[in-house]
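Reading through the structure tokens given below for one structure.
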Amino acid sequence: MLKIQEFDPKYLTNIIEIIKDVGIYDETWDSEENILSMVKNNKESIFLALIDSEVAGLIQIVPYGQKVSWFFRLIVKKNFRRKGVASLLLKKAESIQRKNLKKEVGLYVSLGNQKLIDFYKKRGYKTSNRQWLYMWKKI
């Protein structure tokens, strides 16, 4: 049975494993300390999809002022894909943002990932048609 719920610390190791499995793990952004601090600051910053008590996927939400939020991660484990998990996580995250009076949500998608672009477009997301490069610096 598929269930969407707020973050629970007992699943922290599973969350990190899922992020590593898809190849986007970052030792700073995805550290236990950083994930726990996100949830401490905002209990609605991470939602989990559970299937029979196993973490099937997650979405991370980062508020950006009063009117906007970013969906930082939407990840589904490979063996749970194409079962509606991502769609339910996205709907839950959008619902929470509406409840919090946000006017817009945004996210980044790699230009090379047409499958993911199509996934979001099918759900009403628009694209800027610009190529963006994410940049960062360790401080």
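Each of Ile59, Gly106, Phe47 was scored by the projection of its Cα onto the charge dipole of the chain, and the greatest displacement toward the positive side belongs to Gly106; charges sit on the C-beta of Lys, Arg, Asp and Glu. Under 11 Å from a label point 7 Å along Cα→Cβ of Phe119: give me every residue in the stretch 80-98 with its amide N that close. Residues 80-90 fall inside that zone. Going down the table (Lys92/Lys137; Lys91/Lys138; Lys3/Lys43; Lys10/Lys121; Lys10/Lys137; Lys83/Lys138), which pairs top 29 Å between alpha carbons? Violating the 29 Å Cα-Cα cut-off are Lys92/Lys137; Lys91/Lys138; Lys10/Lys121; Lys10/Lys137; Lys83/Lys138. With the Kirkwood sum run over all distinct C-alpha pairs, the stretch 81-139 has a hydrodynamic radius of 13.5 Å. Per-residue ellipticity at 222 nm, computed for the chain from helices alone with -39500 (n - 2.57) per DSSP H run of at least four residues, works out to -9500 deg cm²/dmol.
Centre-to-centre separation between the Cα atoms of the stretch 91-139 and those of the stretch 1-25: 20 Å. Taking amide H positions as modeled 1.01 Å from N, with prolines and chain starts lacking one, the residues under 5 Å from Lys77 and 5 or more places away or on another chain are Gly57. Site pair Lys126 and Glu17 shows an inter-label distance of 4.1 nm when each label is modelled 7 Å from Cα along Cα→Cβ.
From the largest down, the stretch 1-121 spans 34, 34, 30 angstrom on the principal axes of its Cα atoms.
For Trp70, nonlocal amide neighbours, meaning residues 5 or more places apart or on other chains whose placed amide H falls under 5 Å from its own, are Val62, Tyr64, Gly106.
Coordinate-derived values only; no laboratory data. Fair warning: this is a prediction, and the values are worked out from it, not measured in the lab. For neighbour counting, all protein chains shown are included, and Cβ atoms are generated from backbone atoms with ideal geometry for every residue, glycine included.
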